[in-house]
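Asks: Have a look at the structure that comes next, please.
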Amino acid sequence: MRVLVMGGSRFNGLALVRELARCGHEVTVLNRGQTDAVFPRGVRRLSADRNDPASLRDALGTGDYDVVHDVSGYTLPQVRSAVELLKGRIAHYIFASSTVGYAAARLLPIRETHADDRTARQGDYARNKLDCEDYLFDLHRREGFPATTVPFSMVFGPNNIVPDREQRMFQRLLQGRPVFVPGDGTTLGMVGHVDDQARALRMMMLNPVTFGKRYNLTGNDAYSDEGYVDTFAEVLGIEPRRIHVPAAVMDE
C-alpha cells in the first residue's frame, strides 16, 4: 500500500514507519524536518509545517495514498487542513488520539463507549484530541469519510521522547533516589509497547469495519502504581524507597 505517515520521526511514528517498511509498504513521511531520524531504505520524506495550510498543500501536492496515519495531529485546525487537502485522494485516515480524554471510572476496563470528560477539569491536550475525533466522526456520518480514531494509553519502548516514564523510573532507582507514588498506589493503568502498537496500526489499515469507530490501543495487562515501581525495582535488583503523595496534594 501507499502509506502517508504524518509525523513519523519520533517514538510512535518512527516505530510505525519501520513496521510499515518492514512489511513492504510504500511509505512517505511528512513532518517539519527538524528531527534527525534514520528511516528504512526507500522511505520518502516531505517537509511542511502543519500550522501553515499553504506549506502543507505545497508538500502534499496532488499525490494519492491508500492510508494516512496521522500521529502528529494535535489540534482541530491541523487535522481539518490535512483532511480537506486529502479528501477524495485517500482510502483510510487513521488518527492517533489519547485515552486521557475519558472520564474517571470505578468500573474497569474503560472501553470505547465510556463517557469522555469534557468538563473544565480536562486539559487542553485531551480536549483538542476530542475535538479532532468529533470532527472526523461527524465527517464520516455526513460524507462517509473513512476515518478511524485510535486513543493510545501509556506507551513505552525504544526512543521514548517522554522522559517522565521508564527513563525517570530507572534513573531514580539507579541513583538511590526515592520514588513518589500517587495516593496509596492502588490506581490502575495500562501500558503498551511501541512496536506492538505499530503492528496494530498496520493491521487496521483499509479494514472497512473500523471506519467511523474508535479503538483503544494498549497492552493486555493492567498494573497498579505500586506494581509499576515493583517491576522496575525487580529488573534492577534494587529495593525501592517510596514516598506516598496524598491525593489532596496531588490535586493541588
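Asks: Under the definition of Cα pairs under 8 Å and six or more residues apart, what whole-number percent is the relative contact order of the chain?
Replies: Once normalised by length, the contact order is 19 percent.
Asks: Please give the direction-averaged projected area of the C-alpha convex hull for the range 168-252, in square nanometres with one decimal.
Replies: For the Cα atoms of the range 168-252, the hull's average projected area reads 7.8 nm².
Asks: Could you list log10 I(q)/I(0) for the range 26-157 at q = 0.18, 0.22 Å⁻¹, which the Debye formula gives when each Cα is one point scatterer?
Replies: -1.09, -1.41
Asks: How much space per residue, in cubic angstrom, does the convex hull of the C-alpha atoms of the chain take up?
Replies: That works out to 147 Å³ per residue.
Asks: Computed over the Cα atoms of the range 114-174, what is the convex hull's projected area averaged over all directions, in nm²?
Replies: Averaged projected area of the range 114-174's Cα convex hull equals 6.5 nm².
Asks: Averaged over all directions, how much area does the convex hull of the C-alpha atoms of the range 1-80 cover when projected, in nm²?
Replies: Result: a mean projected hull area of 5.0 nm².
Asks: With the Cα gyration tensor of the range 205-252 in hand, give its eigenvalues times 5 under a square root as the equivalent ellipsoid semi-axes, listed largest first in whole angstrom.
Replies: 36, 19, 7
Asks: Estimate the FRET efficiency between Thr62 and Tyr215 by the formula 1/(1 + (r/R0)^6), using the beta-carbon distance for r and 35 Å for R0, to the nearest 0.05.
Replies: Here the calculated transfer efficiency is 0.70.
Asks: Would you give the gap between the C-alpha center of the range 25-75 and the C-alpha center of the range 145-212, rounded to a whole Å?
Replies: Comparing the Cα centres of the range 25-75 and the range 145-212, I get a distance of 23 Å.
Asks: Provide the gained length on full extension for the span Phe170 to Ala222, in nm with one decimal, where the gain is 0.36 nm per separating residue minus the Cα-Cα distance.
Replies: 16.7 nm
Asks: What spacing in nm lies between the two simple spin-label points modelled at Ala247 and Asp116, each 7 Å away from Cα in the Cβ direction?
Replies: Going by the 7 Å Cα→Cβ label model, 2.6 nm.
Asks: Defining a contact as two alpha carbons under 8 Å apart and six or more residues distant in sequence, what relative contact order in percent does the range 122-233 show?
Replies: Over the range 122-233, the number comes to 38 percent.
Asks: While we're on this one: Can you list the trypsin sites (Lys or Arg not before Pro) in the range 41-86 that are in a DSSP coil and have 15 or fewer other beta carbons within 10 angstrom?
Replies: Hits after loop and neighbour filter: Arg41.
Asks: If you don't mind, there's one more thing I want to ask. Quick one: putting +1 on the C-beta of Lys and Arg, -1 on the C-beta of Asp and Glu, what dipole do you get for the chain around its Cα centre, in Debye to the nearest 20?
Replies: For the chain, the charge dipole is close to 600 debye.
Asks: Mind listing P(r) for the range 69-110? All alpha-carbon pairs, 10 Å bins, whole percents.
Replies: In whole percents, the pair-distance histogram is 23, 41, 22, 13, 1.
Asks: Next question. Rounded to the nearest 5, what is the percent of antiparallel bridges among the DSSP beta bridges in the chain?
Replies: Once the DSSP bridges in the chain are tallied, antiparallel ones form about 10 percent.
Values quoted throughout were computed directly from the atomic coordinates according to the rules given, and no laboratory measurement underlies them. Since the model is a prediction, treat every value here as computed from it, not as a measurement. In this analysis, Cβ positions are derived from the backbone assuming ideal geometry, glycine residues included, and neighbour counts consider all displayed protein chains.
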